[in-house]
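A quick write-up on the structure given underneath.
Rule-based calculations on the coordinates, nothing more; no lab input. For clarity, every value in this text was computed on a predicted model and none was experimentally measured. So basically every Cβ, Gly included, is an ideal-geometry build from the backbone, and we count neighbours across all protein chains shown.
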């Protein structure tokens, strides 16, 4: 009986403390929490509608008033999507382009960030200023010269056109440089006393110490590359087998002969699903990497 009585008293005390905190909450706290909830619902609703519409019949998708909760569910949209379109080829192209771009950005940004942070060379401040200024240049300004270059090189529709123009990422260099700035210089100096060269320090200590920043950069690069519709549209050839997933899905949405909205939403869901899985799986690394350079060592 004493244990049961103690448990009941503990529950009552928790309820009392909860209501006391609720009464102490200011009007601003209540308003801000309500506003956050409303904004979250507004942000999540398009994703919910996309996923729900992907399992509806096409006639139900355009139904007015709409069925907020589907009454008829079908998986035929996904079957038709893979049967009538080279979806597997588009997925493989997107995965390959994203993986190669992530690897290239990680290598280039890590090396450049380490050099700008830990090495002393002539023109270092000028290079730093150039990297920062490159962050202000939108892609739309240099996209036409890039397109002309890949056409002249004969790369149109190849992985070279998809990957190489996106490897030099100024934001990646800036992010990794800040991560290396948070590593004390005394560590490299102590390693140098023991005979460790700077190149060896980079591979043996620099990369392991900056892995959280590299992981965050990999996630950001992956999302950016996976959704990079404009450049991938320009780099693709006329063959559907050269399309990536964003380009192929865009063709489905703009095809006047294919008005099956269920298939369109199924394709959009397939395109968005990998990003959700990757982000939730590596959310911890993303948070650590973004904040890694915030505190100087």
Kirkwood-based Rg to Rh ratio, segment 100-155, C-alpha trace: 1.07
On average over all directions, what projected area in square nanometres does segment 80-292 have, based on the convex hull of its Cα atoms? 14.0 nm²
Using Cβ counts within 10 Å as a stand-in for footprinting exposure, how do 175, 275, 209 rank, fewest first? 275, 209, 175
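Hey, fewest Cβ within 10 Å first, where do 108, 41 land in order?
Details: 108 16, 41 10.
Listing 108, 41 from fewest to most nearby Cβ atoms yields 41, 108.
Relative to the present Cα-Cα distance, how much length would full extension add between residue 35 and residue 84 at 0.36 nm per residue of separation? Spell out each step's value before the answer.
Details: separation 49, 0.36 × 49 = 17.64 nm, distance 4.37 nm.
That pair, residue 35 and residue 84, stretches by 13.3 nm at full extension.
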Over the Cα atoms, compute the radius of gyration (one decimal) and Dmax (the largest Cα-Cα distance, rounded to a whole number) for segment 38-97, in Å. 14.7, 42
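Counting other beta carbons within 10 Å of each Cβ, put 169, 139, 50 in order, fewest first.
On the way: 169 24, 139 12, 50 16.
Fewest-to-most Cβ neighbours within 10 Å comes out as 139, 50, 169.
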Simple spin-label estimate for residue 69 and residue 96 in nanometres, 7 Å along Cα-Cβ: 4.5 nm
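With a Förster radius of 35 Å, plug the Cβ-Cβ distance of residue 125 and residue 187 into 1/(1 + (r/R0)^6) and report the FRET value to the nearest 0.05. Can you show the working numbers first?
Values: r = 24 Å, r/R0 = 0.67.
In this case the efficiency is close to 0.90.
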Share of pairwise Cα separations in segment 169-251, more than 15 Å, in percent: 67 percent
